[in-house]
Structure formats: structure tokens, C-alpha cells
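We did not get these values from a lab; they are worked out from the coordinates using the rules stated. Given the structure is predicted, the values throughout are model-derived calculations rather than measurements. Cβ placement follows ideal geometry from the backbone for every residue including glycine, while neighbour counts extend to all protein chains displayed.
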Ligand code: NAD
Ligand code: MG
């Protein structure tokens, strides 16, 4: 396993947040009041694993704790400053990858967190429970299949019962399988991708609305593929474009109620999605090498974006898409 240096990395996290604040404005700057103190400006890229990555495959949906190197979820490095104190968040696919890094950052910012995930992912969920409760926050775990409408529409009620309310909804779970061509794209896969990535978001958002009040935030995870349309991700790319449309229409629907709706568009990020059929296994060792930054991103590198979009201080941004693509193209405004 790749060795990380948590102490040095913690310093880097603080420094990076100070850097981000300098370039992205006041809303982000709130997160920069950290322990970093007078830490110098530092390029965190030097600290993260670079290609080639070890060859590996897991059966879907995979476990983060079995990846090599293990993704950086921010548990050792993200520094919170109380930006989400007292908020209650529900995150789909919160057990691993990007959703997990958002869950940890939310907890470190003072929020209680509920996650939805597949029963097969229980080991990652249990590990997350330890981290979030270690931050002194309440954690609720709801295993189930988001293609099941009854389960999905029950999640907001379950969250309110467990956490006392719901302020932040993160529609983040997704199904992604690489196919050589349209002939290899089965009806079953097409259906699973649509149900997981679109139907679940529709069902869950609708069921959550009665619980969301003014100041609440919805964050949808889209992707750079909404702009780049890679030829081997046909069904998946369709859904990631549709998520942007949904984000923009819901922003217009909900602005008058004080609820903001934004999307994040990640580039290539080192998560279980990619080692369980999301990418051509032959190309996995060079994952992210063709970005400007020259490597895959780590989930922790997206956490500040999710925190910013959840933070009521970000009050003039709705219907927007925020990229974290390592320099790749980003879906347009
Ligand atoms: P991940 O595998 O860690 O997370 C995806 C999660 O989706 C899984 O943990 C699982 O809990 C959930 N999920 C899938 N099918 C489900 C079902 N039927 N029922 C319940 N839960 C289900 O991978 P990730 O990369 O962190 O993915 C999170 C989001 O980021 C996804 O929306 C993905 O499309 C997006 N994204 C990822 C990348 C990347 O390179 N990793 C790039 C762009 C966008
Ligand atoms: Mg997972």
C-alpha cells in the first residue's frame, strides 16, 4: 500500500485551503480559518499518488479499503472550521470515494451525517461510522438499493428520525460500467445506470423536499463526461448530462424557497467506481495521466467543494456546476 504521511499532509491541507481561499473568494475563505497558521503556499499535488497505479480489479460495487493505494478520504488531513455546525446531511453513496470524503468533511465542519449505500459495502460504512463518531457527530447508516423506489423514498424520513432534520441532500451514488461499443451495452446495464443515476435522484429529491427549509442545499454529483463524452461511457455520460439539466431546473424551482441546487463535475478520481468496471482495466494504471495535473484526483480534493456548496454562506450560487477535473474540460454554464 502507498504510504501517506498524515502529519505533513495535515499541514498541506491547511495550506491548500489558504491557497484556495485566495483564488476563489469569500465563501471558500471561511474554510480557510484553519490551524494552518502561517503555513507556506504548497502544491499538494506532490503529495498524492501518481500514475502508474497498480493493476487491480474488484467485483462491483467494490470496497475502498481494498484499493491500492487506498483513496485519501480526508480523515487524516481535512481540517474543519465549524462551517456546517448543527446541519444534518444525507449523502447517497456516502460509504466510499467522493461521497465518503464529503461525509467526513461535513462531520469535521460540525454536521451530523446519514449515508445510503449497498449492503455489500457494509465494511466501508462501518469504517466511516468510526471516523464520524470519532469527530463527535451523529452517524446514521441506511443500507439498501436505490433502484428500489420504496427504499429510496423512505430515506428522508429515516434521516429526520435519526438526525432530527434534513438540511443538505447530496445525490451522489452512481453506476458506471465501461463498454467497448453500443452492441455490448445491454438493456440490463442501461436500465441499471438510468435507475441508479437518474430515477433515484428524482425519487429522493422529491421525497426530501417536504423536509428542506430555507437555507437548505442540494448538491448533485455530475461529471466532466457531461462535457467530454468518452466513447466507452455511453449510458453513464447520458445520465451525467441529465443531472446538470435537473440541477438547473430545480435551482429555478427552489430559489424562491431559499433552497440552493448545485452540481459538482469531477474529473478522474481514484475511487471504487473505477476499479469495478468503470474504466477499461488496461487503461487503469494510467488513470488521470492525461490531465494537466497528470494524475488522478483523490476524493479529499473535492471535499472543500461539497462543503462550500452546503454552506449557507454560498448564498448567491444556485444552478451552477463546479469542476474539479485536474484541468480537463468542464461542463458549461
Ligand atoms: P464510489 O464507488 O465510491 O461511489 C459510488 C457509490 O454509489 C457506491 O459507493 C454505492 O454506494 C453507490 N451505489 C451504486 N449503485 C447503487 C445502488 N443501486 N443502490 C445504492 N447505492 C448505489 O465512486 P465515486 O467515484 O466516489 O462516485 C461518486 C460519484 O462521483 C458518482 O456520481 C460518480 O458518477 C461521480 N464521479 C466519479 C468520478 C471518478 O472518476 N471517480 C468522476 C466523475 C464523477
Ligand atoms: Mg462504495
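Just a few scattered comments:
- In summary, helices (runs of 4 or more DSSP H) completely within region 166-235 and bearing 2 or more residues that are farther than 23 Å from residue 272 by Cβ occur at 200-208.
- Answer residue from region 257-292, given it is within 16 Å of ligand 2 (Cβ to nearest atom) and in contact with a strand residue (DSSP E or B) (Cβ under 8 Å, 6 or more places away or on another chain) and is nearest to residue 313 (Cα to Cα) among those: 266
- Of all residues in region 146-164, those being crowded, with 17+ Cβ neighbours inside 10 Å and in a loop (DSSP other than H, G, I, E, B) number 1.
- Looking at 53, 117, just one residue is within 19 Å of residue 276 (Cβ to Cβ), over 19 Å from the mean Cα position of the chain (by Cα) and buried (at least 22 other Cβ atoms within 10 Å of the Cβ), and that residue is 53.
- Boolean, residue 199 is surrounded by 15 or more Cβ atoms within 10 Å (Cβ to Cβ), out of contact with any strand residue (DSSP E or B) (no Cβ under 6 Å at 6 or more places or on another chain), without any contact (Cβ under 8 Å) to a residue 24 or more places away in the chain and closer than 21 Å to residue 220 by Cα: no
- Cβ-Cβ distances below 6 Å connect the following pairs, each with a first residue in region 275-296 that is over 22 Å from residue 175 (Cα atoms), a second residue that is assigned to a helix (DSSP H, G or I), and a separation of six or more residues or different chains: 293/45.
- Residue check, residue 109 surrounded by 15 or more Cβ atoms within 10 Å (Cβ to Cβ) and away from ligand 1 (no atom under 13 Å from the Cβ): yes
- Residue in region 75-86 that is touching a residue at least 60 places away in the same chain (Cβ under 8 Å), buried (at least 23 other Cβ atoms within 10 Å of the Cβ) and within 15 Å of ligand 1 (Cβ to nearest atom) present: no
- Here region 97-106 is the region considered, the condition is being more than 20 Å from residue 156 (Cα to Cα) and near ligand 1 (Cβ under 9 Å from one of its atoms), and the residue that is surrounded by the fewest Cβ atoms within 10 Å (Cβ to Cβ) is 101.
- Condition check for residue 243: away from ligand 2 (no atom under 16 Å from the Cβ), in contact (Cβ under 8 Å) with a residue 24 or more places away in the chain and in a strand (DSSP E or B): no
- Checking the stated criteria, residue 255 turns out not to satisfy the condition of being buried (at least 23 other Cβ atoms within 10 Å of the Cβ) and in contact (Cβ under 8 Å) with a residue 60 or more places away in the chain.
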